[in-house]
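Taking it in order: structure first as structure tokens, then the write-up.
Here, each number is a calculation from the coordinates, and none is a lab measurement. Given the structure is predicted, the values throughout are model-derived calculations rather than measurements. Positions of Cβ are backbone-derived with ideal geometry, glycine not excepted, and every protein chain shown enters the neighbour counts.
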Amino acid sequence: MVYDTLHYFIAFHQSSFLQNRKSRMDNLLLRDVVEDDLSHFFEQQLDADANWMAAFTAKNPADRAAFDAHWRKILADDRIIMRTILWEGEVAGYISVHSWFGEPEVGYWLGKPFWGKGVASAALAAFLGQVEIRPLHARVAKDNLASQRVLEKCGFTLSGEDKGFSNARGVEVEELILILHT
Ligand SMILES: CC(C)(COP(=O)(O)OP(=O)(O)OC[C@H]1O[C@@H](n2cnc3c(N)ncnc32)[C@H](O)[C@@H]1OP(=O)(O)O)[C@@H](O)C(=O)NCCC(=O)NCCS
């Protein structure tokens, strides 16, 4: 009887976990970046909390000309894989792989209204299903616990540490390097 109840409890929670995961995936779409997305990305780049979290950001996030020049370069470079994250049809942010620092590295940024709903985790899981490059690295400020958790949930493990100057904070910031092998 106790065993049956326990079994039912586990089965119920497993199925609700899978259903939650499926419904999160149903709300998500990754597609190529189109011109109209850029104004959303620029708005999202202006957020001070996001800049603090990400730490290694643009010198002046409010400089639209620098933003446009940066994105023109990204979109013209076929070595960079860049996808817009759509959540319930809205532009939630972007996810990418670039090799600016040598190794292929994943990066992502979401607008604040989309935080805390599992969007980054769902987007990274879907992206990793589409992008076969391995090993894949990620760099994350040591105190960006949300991003570390997203990476950890998708199978990344710690491979090293580094530090660099953070434009957003105006000081040197410690970062973790994570790796996904398979
Ligand atoms: C980091 C970021 C991508 C997270 O996106 P998100 O959609 O909110 O992430 P998710 O909801 O998928 O997952 C966040 C996880 O971190 C956890 N988390 C959030 N804040 C946390 C904190 N302060 N301490 C510990 N864990 C935390 C959440 O509980 C969740 O884990 P769980 O699913 O096990 O509960 C988003 O906040 C963002 O774009 N920030 C600005 C840019 C940035 O930092 N980019 C990454 C640079 S490396």
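Odds and ends about this structure:
- Within the stretch 113-138, the set of residues being under 13 Å from M53 (Cβ atoms) and within 12 Å of the chain's Cα centre (by Cα) comprises W115, A120.
- Test for E105: is it touching a residue at least 12 places away in the same chain (Cβ under 8 Å), among the acidic types (D, E) and closer than 29 Å to N27 by Cα: yes
- The condition (being assigned to a helix (DSSP H, G or I), within 19 Å of R169 (Cα to Cα) and among the charged types (D, E, K, R)) is satisfied by just one residue among D49, D68: D49.
- Filtering the stretch 94-107 to residues that are more than 7 Å from the ligand (Cβ to nearest atom) and in contact with a His (Cβ under 8 Å, 6 or more places away or on another chain) leaves E103, P104, E105, V106.
- For the stretch 167-182, the tally of residues that are assigned to a strand (DSSP E or B) and either among the hydroxyl-bearing types (S, T, Y) or closer than 18 Å to S99 by Cβ (or both) stands at 5.
- Among the residues of the stretch 30-46, the ones that are in a helix (DSSP H, G or I) and either small (G, A, S) or crowded, with 17+ Cβ neighbours inside 10 Å (or both) come to 6 in all.
- Close pairs from the stretch 145-166: first in contact (Cβ under 8 Å) with a residue 12 or more places away in the chain and part of a helix (DSSP H, G or I), partner hydrophobic (A, V, I, L, M, F, W, C) and within 13 Å of the ligand (Cβ to nearest atom), Cβ under 7 Å, at least 6 apart: S147/V140; Q148/V140; Q148/L176; V150/A120; V150/L124; L151/A138; L151/V140; L151/L178
- Failed item, numbered, when L110 is tested on (1) near the ligand (Cβ under 10 Å from one of its atoms); (2) without any contact (Cβ under 8 Å) to a residue 60 or more places away in the chain; (3) closer than 21 Å to D49 by Cβ: (2)
- Subset of the stretch 75-104 (residues that are among the hydrophobic types (A, V, I, L, M, F, W, C) and over 17 Å from the mean Cα position of the chain (by Cα)): L75, A76, F101
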